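Worksheet for the structure shown next.
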Amino acid sequence: MIQISRNGFTLDGRPLRLLSGAVHYFRSLPEQWPRHLRMLRAMGLNTVETYVPWNLHEPRPGSYDFTGRADLETFLRTAADTGLNAIVRPSPYICAEWENGGLPWWLRADGGRLPLRTGSPRYLAHVDRWYDTLIPILAEHQTTRGGNVVMVQIENEYGSYGTDRAYLAHLADGLRARGIDVPLFTSDGPEDFFLTGGTLAGHLATVNFGSRATEAFAELRRHRPQDPPVCMEFWNGWFDHWGEPHTTRAAEDAAGALREILEAGGSVNLYMAHGGTNFGTWAGANTADPRTGQGYQPTVTSYDYDAPLDERGAPTAKFWAFREVLSAYADGPVPEPEELPATLPPCRVELDRHLPLADVVDHLSTGEVRSAVPPSFEELGVPHGLVRYRTTIPGPRGEYPLTVEGLADRAHVLVDGTRLATLERDVESDPPLIPVPGPEARLELLVESMGRVNYGAGIGDRKGVTGVLHTQQYLHGWTADPMPLADGTPDRLPWDVAAASAGGSGPVFHRGTFEVEEPADGYVVLPGWTKGYVWVNGFLLGRYWDRGPQRTLYLPWPILRSGPNEMTVLELDGCTDPAVDLVPRPDLG
């Protein structure tokens, strides 16, 4: 059993300094977990930390998934086999630059009125149902039952969001009632309003920061004199947004900050030790102003985070700098790190089969829906992807501006089949002017969703559009075709009738094959492409966008097979040459 005092921790009566690193099982593939975890030991760590994303495990209400990269139990067993303790953070909200901060999209399918992260009985009913499934599974892996889980989080950075202590108490009581008997903790920023809003009496408070450990621990002690100094998130790198510069942190600077934490007697969790990848559509988003939710900033597909282990798990300069610092505090001799196998040899992949999206809507749509006003993605049951909204503008009438309200997040505007404009959320642009010289004009909006906001007042945002006006007049009588994009989407398409010519500027699905002698990691680069999605053997690698900073998509070896492999690209705007390159190194900007 782990015990906590003002000065630190003991485990089964022996002193324990938590030297932890964050590895999110859901940001890599199960075949990669053993090596990633062994590399933590080789860095000098004795513990792994992970969040548990509710939305990954309960994709639909009451339907649960603990398979593949959602196999939490296998991850914990693998960590135990590697000799690592585990800190688990199963709070309903995780932030983590993850889609909706881990909250399921369907919580807002009722019109967006459900209060989140509060003691609302309706919200807690969903949380309690989820915990009834998750927590008994997690409880079996505690150190008190022969496992390796030493601590469990109550809620994540709640002081950055709210002050509902009854909500925090409900979560803590629910964890205890369902079998969690290891210490519970909260984690917040080291400022007074964070610590007064997000902590809970009787449970360990920890702090999150990237520098100035002495000041942070002093503030923690001022508010919680009985708690030991713990940095639950030492931000040794950072994440990227589309259209913004790539962020890095010098290894020497990060190692110096780590040394300050340890010299102050603190326990630490490296956030991140291995960042990994926001595969599929799991990347979240931030806002420029977390108080208002304004200024939308979608997160890129890579979650490399400039971490000690890069996106595929290779040691970086930061790994070696941290290893030098941590070795002085490690439990014993630090094992030597393993070498990664070589990456795929460079090659060009010609995508020689093409299907315009407009020709395959019936294959992708989950069923046309008619509505007086445009229904949201959530109302249509679409986690992420595309929705084609159609109506008519009555005429004849003159040229008037078209205003799209509540756009989340990007839309092609077509009139009578011709694309007139591309609109983006929070990007100011003149509304397109649309005349209707005849009896009517056919209006179409092809709306694409990006990540849901994962931090601040903007969490729980809904996708789609809320209204469309031609001059001051709302347009009614809509049909909507919901088209989810996920693993396996390309396999639903009629490739037997695919054209040899790409035709048109987009949106178009492109497909081709490439040979692999032996599966190995690689990177996909798309020169001349604009914006879209890439699948390999039906696995959705993620989104690409020419505005950067990310220029390559990580291609992990477990999804490849010896011999021919299929690649599919959905290009939304248009490409200059329907071919992509496989390269041996990433380009994150």
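The values are calculated or read from the model by the stated rules, or taken from the named source; none is laboratory data. Just so you know, these numbers come straight off a predicted model, no measurement behind them. As a convention, Cβ positions derive from the backbone with ideal geometry for all residues, glycine included, and neighbour counts pool all protein chains shown. Surface accessibility is based on the protein's heavy atoms, side chains included, excluding ligands, DNA and RNA. Shrake-Rupley method; radii C 1.70, N 1.55, O 1.52, S 1.80 Å.
Rank T50, L582, A411 by how far each Cα sits towards the positive end of the charge dipole of the chain (+1 on Lys, Arg Cβ; -1 on Asp, Glu Cβ) and give me just the farthest. Most positive-ward Cα: T50.
Classify the range 539-589 as rounded, prolate or oblate, taking a ≥ b ≥ c as the square roots of the eigenvalues of its Cα gyration tensor: rounded when a/c is under 1.5, otherwise prolate if a/b is larger than b/c and oblate if not. Intermediate results must be reported in sequence, preceding the final value.
Working: a/c = 1.92, a/b = 1.33, b/c = 1.45.
The shape class here is oblate.
Want the number for D132 to R14: 0.36 nm per residue separation, take away the alpha-carbon distance, what's left?
Values: separation 118, 0.36 × 118 = 42.48 nm, distance 3.32 nm.
Separation in residues times 0.36 nm, less the Cα-Cα distance, equals 39.2 nm.
I'd like to compare 328-339, 47-58: which one has the highest average count of other Cβ atoms within 10 Å, and what's the full order after that? Each step should come with its number before you reach the end.
Values: 328-339: 12.5, 47-58: 24.1.
Highest to lowest by the protection proxy: 47-58, 328-339.
The residues of the chain present an accessible area of 36 Å² per residue when probed at 1.4 Å with all protein chains retained.
Annotation for R165 and T144: the two label points, set 7 Å from Cα along the Cα-Cβ direction, are 2.4 nm apart.
Remark: spin-label model distance V497-Q472 equals 4.7 nm, labels positioned 7 Å along the Cα→Cβ axis.
Could you give the dipole magnitude of the range 484-546 about its Cα centre, charging the beta-carbon of Lys and Arg +1 and that of Asp and Glu -1, in debye to the nearest 20?
The calculation lands at about 420 debye.
Charging the Cβ of each Asp and Glu at -1 and of each Lys and Arg at +1, and nothing else, the dipole of the chain about its Cα centre rounds to 1200 debye. With point charges of +1 on the Cβ of Lys and Arg and -1 on the Cβ of Asp and Glu, referenced to the Cα centre of the chain, which listed residue (V207, V534, P337) lies farthest in the positive direction of the dipole? Farthest towards the positive end: V207. Working note: Karplus 6.51/-1.76/1.60 with θ = phi - 60° gives the range 186-192 the couplings 10, 9, 8, x, x, 10, 4 Hz, where Gly and Pro are set to x.
Subtracting the Cα-Cα distance of R113 and E252 from their residue separation scaled by 0.36 nm leaves 45.3 nm. Put +1 on the Cβ of every Lys and Arg and -1 on every Asp and Glu Cβ in the range 411-528; which of V497, I459, V436 then has its Cα farthest towards the positive end of the dipole? Checked the options; the winner is V436.
Please state the charge dipole magnitude for the range 286-406, taken about the Cα centre, from unit charges on C-beta atoms (+1 on K and R, -1 on D and E), reported in debye and rounded to the nearest 20. Can you show the working numbers first?
Details: 10 positive and 19 negative charges, 118 e Å.
Using Cβ point charges on Lys, Arg, Asp and Glu, the range 286-406 gives about 560 debye.
Based on the mean of other Cβ atoms within 10 Å per residue, sort peptides 129-142, 13-26 so the most packed one is first.
Numbers: 129-142: 17.8, 13-26: 21.8.
Packing order, densest peptide first, comes out as 13-26, 129-142.
Hey, any idea what % of the range 247-322's accessible area is carbon plus sulfur with a 1.4 Å probe?
Working: 1070 of 2210 Å².
Its accessible area is 49 percent carbon and sulfur atoms.
Placing a pseudo-label 7 Å from each Cα along the Cα-to-Cβ vector at S63 and E368 gives an inter-label distance of 2.4 nm.
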